[in-house]
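Q: The structure that follows is given in the form of structure tokens.
Just so you know, all these numbers are worked out from the coordinates, no wet-lab data involved. Because the structure is predicted, anything quoted here is derived from the model rather than measured. Virtual Cβ from ideal backbone geometry, glycine too; neighbours counted across all protein chains shown.
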Amino acid sequence: MHNRLKVRTTEAQKAAADREKEKKLQLYRKSLKNVFEHRSHGDHDDLALKSSEGLLRSNPDIVTLWNYRKEILLRLNPSKEMIEEELYLTEKCLQVNPKSYSAWYHRNWVLENVDPNPDWNKELLLCTKYLKMDERNFHCWDYRQIVALKCQEPHENELKFTLEMIESNFSNYSAWHYRSKLFSAAGKDEESTKISELSLVESAAFTDPFDQSAWIYQRWLIGKLEPSKYIYNASIIESKIYLILNRNLPNNYKIIGLDNNNWEHFDSKIWFKEVDCVDNIEIKIINELNQVEDKILINNIRQDIFNFIISEQLQLVMKAQLDSLQQLLEMEPESKWALLTYVLLLYTLKPKNYFEKCIENLKLLKVIDTLRKNYYNDLESRYRIENWIANNNSTEFVTLKGYGLTAFYHMHMFLFSKHIDLSDNDLSKSNLNHFKYLTMCKHLSLKNCQLVNLNNFPALQNLEIIDLRENQIQDTSWEELKKCKLLKSILVDNKQTVTEKILQGIIQSININDE
């Protein structure tokens, strides 16, 4: 303990303490052996049940002992008194270790599988008791979620409880998390809920800018906002109409237009169907209430696809928080959680020059929070790709050269692209299978992308030229390119260890450029 004088023990005292420990250890091992003998003999009586009580009270995390007790209880058809004794044992074990997962789990098992009339309201009071003792006992929070469902505790009551716990300690991750689950379960996405929660989280976050719990909850709230549009592009290519979405289409939504049948999907964001020559037809997305969620004319592309649905009132609240964050960052310029939230709010609201400010602050985050540098790199990659899409009304020629990309985002939106330049980026840790969407690409440049292999490179049936210069691809992954049946030219240089013989095995009409 702090501030207590350490008393040095004599050799005799130390020896006596060691003997006492050894004595207890031998007794513990003997008791444990006794329990295992009962189990091996198939004993499922009251004596076998009592044999493990002392062991569990001293160490409630021996899962095997709890499992043996389950076997016994199922065989005995226990009385009400026995069930109460079992619950009493779990509570005594929780007094030894309030975060014992095994004890909480066994208590729940007894109530669900053995007790014919479980008192779930009593369990809710027990949870409150333990959370008052330790408000961050996540095992107890998990158990409380189960109990609240069992006793059908109103969401309003549980929200009130989480608020009390948060107000007593803003750094209560479990309470914030439970609060988010309550809102999700209740389907409370109303504007008033978002506004009140943003106000709550602002108070918590600004009280301690360096505590991340409230900032995480705020980012969750921002993430609940949805893009204003579903459809990015609707185009006809080679007697097929393709519908490209910016988010997954829910199972209970329908696509209407050009009759409503026979729509196939590449995945939940790309839909297509065979068509004859058509004129200016309108395609619609219909929700489960038969309402139009979105619509677009064929051969149209949207550049506002990454804007969010935000009401005027909610915008005012979020803009006020953006201003508050600016003031906070002037006082605490290295508050990484405040800075990250500032970036996310900027990108959500999209004020003037938001993109430049986002990139500037992400670069700062990489300096002050080096442990999360890869996350910030990927976030910057996403923002840069989205910005390119939002500022180009055609994707036939895609130039993302030297964008500092480390990850792939929205590759499905480049479905119609024929020439794609991704050179001078760091794609060494990216999964090349994301290129599966580039089905119409003829010329792909991956020059100087720090690639060391071509693992998971997809079968691009229209790919004719690929530029792989200034990489270090040195293994048999070159064989991946065999899947590209129309490939005519591979651009390599003397940095590659690949031999001409290998390349000749990949492309029949050899046209290797060594520059």
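Q: I need the calculated FRET efficiency for the pair residue 50 and residue 203, taking r as the beta carbon distance and R₀ as 35 Å, to the nearest 0.05.
A: The formula returns an efficiency of 0.10 here.
Q: So what is the orientation-averaged projected area of segment 12-186, using the convex hull of its C-alpha atoms, in nm²?
A: 12.5
Q: Now for a different question. Go ahead and run the numbers for FRET between residue 374 and residue 276, Cβ-Cβ distance against an R0 of 30 Å, rounding to 0.05.
A: Efficiency, rounded to the nearest 0.05: 0.05.
Q: I would also like to ask the following. For segment 155-175 and segment 386-460, what is the separation of their C-alpha centers, rounded to whole Å?
A: 45
Q: Tell me the Rg and the Dmax, in Å, that the Cα atoms of segment 346-460 produce.
A: 14.6, 42
Q: Still on this model: Going by a ≥ b ≥ c, the root eigenvalues of the Cα gyration tensor, does segment 101-158 fall in the rounded group (a/c under 1.5), the prolate group (a/b larger than b/c) or the oblate group?
A: Oblate shape, in that a/c is at least 1.5 and b/c is the bigger or equal ratio.
Q: Continuing with the same structure: What angle do you read, to the nearest 10 degrees and between 0 and 90, between the alpha-carbon axis of helix 212-223 and the longest principal axis of the chain?
A: Helix 212-223 sits roughly 40 degrees off the main axis of the chain.
Q: If the cut-off is a Cα-Cα distance under 20 Å, which lysines reach residue 485, setting aside same-chain residues fewer than 8 apart in sequence?
A: Within the straight-line limit of under 20 Å, residue 485 reaches these lysines: 418, 436, 442, 501.
Q: Could you pull out the pairs from 150/181; 269/352; 224/366 whose alpha carbons sit more than 19 Å apart here?
A: Pairs exceeding the cut-off: 269/352; 224/366.
Q: Compute the length gained on full extension between residue 146 and residue 95: take 0.36 nm times their separation in residues and subtract their Cα-Cα distance, giving the result in nm to one decimal.
A: 16.3 nm
Q: Something else about it: What is the angle, in °, between the Cα long axis of helix 336-349 and the longest principal axis of the Cα atoms in the chain? Nearest 10 is fine, range 0 to 90.
A: 50
Q: Moving on. Between residue 81 and residue 330, what length in nm is gained on full extension when 0.36 nm per residue of separation is reduced by their alpha carbon distance?
A: Length gained between residue 81 and residue 330: 83.2 nm.
Q: Pick out, from 62, 89, 74, the residue whose Cα sits farthest towards the positive end of the charge dipole of segment 47-90, with +1 on the Cβ of Lys and Arg and -1 on the Cβ of Asp and Glu.
A: Projecting each Cα onto the dipole axis, the largest value belongs to 74.
Q: Evaluate Rg over Rh across segment 231-298, taking Cα atoms for both radii and Kirkwood's formula for Rh.
A: We get a ratio of 0.92 for segment 231-298.
Q: Separate question: Starting from the Cα of residue 483, draw a straight line to each of the aspartates and glutamates and keep only those under 19 Å, dropping any in the same chain fewer than 8 residues away.
A: In chain and number order, the partners are 464, 467, 475, 500.
Q: How far, in nm, would the chain grow between residue 134 and residue 472 when pulled straight, counting 0.36 nm per residue and subtracting the alpha carbon separation?
A: 116.3 nm
Q: May I ask for the distance between the Cα centers of segment 195-230 and segment 65-141, given as a whole number of Å?
A: Result: 35 Å between the Cα centres.
Q: Evaluate Rg over Rh across the chain, taking Cα atoms for both radii and Kirkwood's formula for Rh.
A: Using Cα coordinates only, the ratio equals 1.09.
Q: Okay, next question. Hey, which of these cross-link pairs are over 30 Å Cα-Cα: 401/488; 229/319; 273/447?
A: Too far apart for the 30 Å limit: 273/447.
Q: How big is the Cα convex hull of segment 181-314 in projection, averaged over all directions, in nm²?
A: 10.5
Q: Hull surface divided by four, with the convex hull built on the Cα atoms of segment 413-495: how many nm²?
A: Taking a quarter of the hull surface, the average projection is 4.7 nm².
Q: Could you check the spin-label model distance between residue 228 and residue 312? Points 7 Å from the Cα along Cα→Cβ, value in nm.
A: 1.4
Q: Under a cut-off of 19 Å between alpha-carbon atoms, report the aspartates and glutamates in cross-link reach of residue 363, not counting same-chain residues fewer than 8 places apart.
A: Partners found: 330, 332, 334, 378, 380, 386, 424, 426.
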